[in-house]
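See below for the structure under consideration.
The values are calculated or read from the model by the stated rules, or taken from the named source; none is laboratory data. These numbers were taken from a predicted model, which means no experiment stands behind them. Virtual Cβ from ideal backbone geometry, glycine too; neighbours counted across all protein chains shown. Remember, those area values only see protein heavy atoms, side chains included, never the ligands or the DNA or RNA. Shrake-Rupley method; radii C 1.70, N 1.55, O 1.52, S 1.80 Å.
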Amino acid sequence: MPDSRPTFPKRAVITGGMPYGNKNLHFGHIGGVFVPADFFARFLRDRIGKENVIFVSGTDCYGSPIMEGYRKKVESEGYTGTITDYVRANHELQRSALNAYGISLDIFEGSGLEPTKPVHAELTDKVIRRLYERGYLHKMSTRQFYDVKAGQFLNGRQVIGRCPVRGCKSEKAYADECDLGHQFDPEELINPVSQLTGTTPELRPVDNWYFDLPAFRDDLDELMDEWDADPQVRDIVTKTVRESLADPIVYIQTKFRDAFSTCEGQLPEHSVSEAEGNQSSFSVKFANWKDRDRAREVLEANGIRFRTGKTLLPLRITGNIEWGVPAPDLDGTHDLTVWVWPESLWAPISFVQTVLAQDAKSGAGRYSSDDWRDWWCADDARVYQFIGQDNIYFYCVAQPAMWKALDWGLFQDTPVANYHILFMNKKASSSGAIKPPMAEELLEYYTPEQLRCHWLSLGLDQKAVSFSPKAFDTSVSHKDKKTGEEVLVKDDPRVVDPALKESAFLTNIFNRLARSCFYGAQNVCAGHLPRMEADDDVLDACRKATLDFEKCAYGFDAHGALAVAEEFCRAANKRWGDESKAAKGDDAAYEHALANAFAELRTVTLLMHPAVPFGCEKICSYLGFEPEFFFSWENAFDTPAQLAAKLGEKPEGHALVELPPRFDFFEKHPSQR
């Protein structure tokens, strides 16, 4: 029976999210998004060819978070650089952190920095004009927060209050979105406070362009049905999106029921669902968001307090803050900029256009096509977007609708949404009370490959999981019996470090198999490959592990993929231990055992390459093969002897690089020795 294998595209774009340009990267950026994206990008390069894969990301340069960060730096630190200087400095810090963890991006630039800035500005202009021409942009007069004491309009991050969306417990909501990703109108924000003066801001009317997102409800419903049947789309995506596709509803406390009855006749057409059992509120459903908003005005005028439910609302496209991509002047509007969230949705296209243009200009010919449409519009291509769960609304609601509206032939991307990666069992953020460790700070205690393996094994595709590195655990372990002093977990040698759980596999099991092969070949094969081929049962096991790993990788199950590789490697070590012991004093039997071990080492090295590329590429180098040839899945089922044959060499003629004594392919961090 032939193997049932997943199908991969001819070309693929992988995106790794866009960190704001107001800070360096903390562990959550790297471990929660970039490492999983890099694992899949490296796997795909091996699987379909590196010329057919583009892995992109960049700094999100514009928007109110950057303006606010810059303002605070100038005021508190006396910073004298421009806002561009500020963003560029953070961009370089981000690049350094990504490089330290081996994140193999084809391009990491900035949406507002050269060389991508003009490319992104041109694409943004085309997108806005296209949406306008197709009738999906509407000019709306909405109210924006104005600080009377400061004498200025406030950008999104200069106002903080409580989220008005029913059921949301966020205490950190900005002008029109909360830190959990919920969208609302500025006038709905509860207890708004200006971050400039600490006063309550006013709401004043301003004109902006809005995308008619509610017009695509039926399209999104249909897409959710498709995604439900797609094994590559996680349940959290369709569940979260469907929450936004609900009818427009307001929830009113039962104590206002009589007051509601008094003014109900003034409301647009609606239906009422009374409170049941212990419910403290009843609900009122409307036909569309416009009717709901008219109803809100009536309810407010009658002193009736309410909260709104999730529903599709027009998506703001422009704003009047200075630091943003210029919006085209349309229908009497001038000097508007594009809101950072919409333009960040098409920024990956700008990055792909930039890297392809650079490649064409250099003549390097790194990619199979220099036309961005072959990567974003062709039937045989796919785009995989790695995101956090709090960004699902933009990437899985707003973006699909916008792609449909543009009618450029852009296919719907495959979203790969991870749950939150917690810190010490709590949600941490750079701007929150619990500060996460910065990504490069962790490298003072762990190697990049130890952390890559650990984060990939957390299973963030299934649930939110805590990252609890012992080196940063300041909780109390116990009291010292002699001194009575509290001993912290990070200082207690008896406590096992959870972050090193997977390291034992690398530094012990995987290392041992590799060293056994090389030292064994130096002893009985004169530093060459064994002359005979591996046993059939070994070849079958290699094939099965490879196919099982492929299925896991296809489904973005890095945890499962690494479990396949580890289980196989442990079995290989046991086989080697048994066979080498049985062959003691018999060089022919020992060489036979080595042939089996080399075949298994080749498989483990191929499978682990996306997770721990540095150590695997060392093994490849000592095996005497070029990485592109060795890691290509065109040769996935070939043993080292068969790879040598493809190069026109006999096993006994293929020399291995001599391994020095006590050599480690996967080293421990100096602090762990």
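What is the sum of charges around Val489, taking Lys and Arg as +1, Asp and Glu as -1, for the other residues whose C-beta is under 11 Å from the C-beta of Val489? The answer is -2. Dividing the mean sequence gap of close Cα pairs (under 8 Å, 6+ apart) by how many residues the chain holds gives a relative contact order of 15 percent. One decimal place: the segment Leu330-Lys584 gains 83.1 nm when fully extended, by the rule 0.36 nm per residue minus the C-alpha distance. Mean sequence separation of contacting Cα pairs (under 8 Å, at least six apart), scaled by the length of segment 478-609, corresponds to a relative contact order of 30 percent. With a cut-off of 14 Å between beta carbons, the residues surrounding Arg531 carry a summed charge of -4, where Lys and Arg count +1 and Asp and Glu -1.
If R0 is taken as 41 Å, the Cβ-Cβ distance between Ser261 and Asp235 corresponds to a FRET efficiency of 0.50. Could you check what % of the DSSP bridge pairs in the chain are antiparallel, to the nearest 5? Here the share of antiparallel DSSP bridges comes out near 65 percent. Counting only protein heavy atoms and a 1.4 Å probe, segment 65-215 has 45 square angstrom of accessible area per residue.
Peptides 101-113, 568-580 ranked from most to least packed by the mean count of surrounding Cβ atoms within 10 Å: 101-113, 568-580.
Label segment 103-157 by shape, choosing from rounded, prolate and oblate, from the square roots a ≥ b ≥ c of the eigenvalues of the Cα gyration tensor; if a/c is under 1.5 it is rounded, and otherwise prolate applies when a/b is larger than b/c, oblate when it is not. Judged from the Cα gyration tensor, segment 103-157 comes out oblate (a/c at least 1.5, b/c at or above a/b). The residues packed around Arg366, meaning those with a beta-carbon under 11 Å from its beta-carbon, carry a net charge of -3 if Lys and Arg are +1 and Asp and Glu are -1.
Isolated cysteines of the chain, defined as having no other cysteine beta carbon under 4.7 Å away, are Cys61, Cys263, Cys377, Cys396, Cys453, Cys517, Cys525, Cys542, Cys552, Cys569, Cys616, Cys620. When the Cα centres of segment 131-204 and segment 399-469 are compared, how far apart do they sit, in Å? If we compute the Cα centre of each part, the gap is 26 Å.
Take 183-193, 475-485, 333-343 and order them by the average number of nearby Cβ atoms within 10 Å per residue, most first; the result is 333-343, 183-193, 475-485.
With protein chains left intact and a 1.4 Å probe, residues in segment 520-648 average 40 Å² of accessible area per residue. Evaluating 6.51 cos²θ - 1.76 cosθ + 1.60 at θ = phi - 60° for every residue in segment 349-361, the Karplus couplings come out as 5, 4, 5, 5, 4, 5, 5, 5, 5, 4, 5, 5, 5 Hz, glycine and proline recorded as x. Dividing the summed helix terms, -39500 (n - 2.57) for each DSSP H run of n ≥ 4, by the number of residues in the chain produces a 222 nm estimate of -12000 deg cm²/dmol to the nearest 500. For the pair segment 284-362 / segment 555-613, the C-alpha centres are spaced 53 Å from each other. Shape class of segment 545-601 from the Cα gyration tensor (axes a ≥ b ≥ c, square roots of the eigenvalues): prolate, since a/c reaches 1.5 or more and a/b is larger than b/c. Averaged per residue, segment 234-336 has 52 square angstrom of accessible surface, using a 1.4 angstrom probe with ligands and nucleic acids left out. Once C-alpha pairs closer than 8 Å and six or more residues apart are averaged by separation and normalised to the residue number of segment 585-673, the relative contact order reads 28 percent. The length gained by stretching the chain between Asp480 and Asp371 to full extension, at 0.36 nm per residue less their Cα-Cα distance, is 32.6 nm. At an R0 of 22 angstrom, the distance between the Cβ atoms of Asn508 and Glu658 translates into a FRET efficiency of 0.45.
Name the shape class, rounded, prolate or oblate, that the alpha-carbon gyration tensor gives for segment 128-223, where a ≥ b ≥ c are the square roots of its eigenvalues, rounded holds for a/c under 1.5, and otherwise prolate holds if a/b is larger than b/c and oblate otherwise. Taking the square roots of the gyration eigenvalues as a ≥ b ≥ c, segment 128-223 is oblate.
Shown for the chain: the carbon plus sulfur share of the solvent-accessible area, taken with all protein chains present and a 1.4 angstrom probe, equals 47%.
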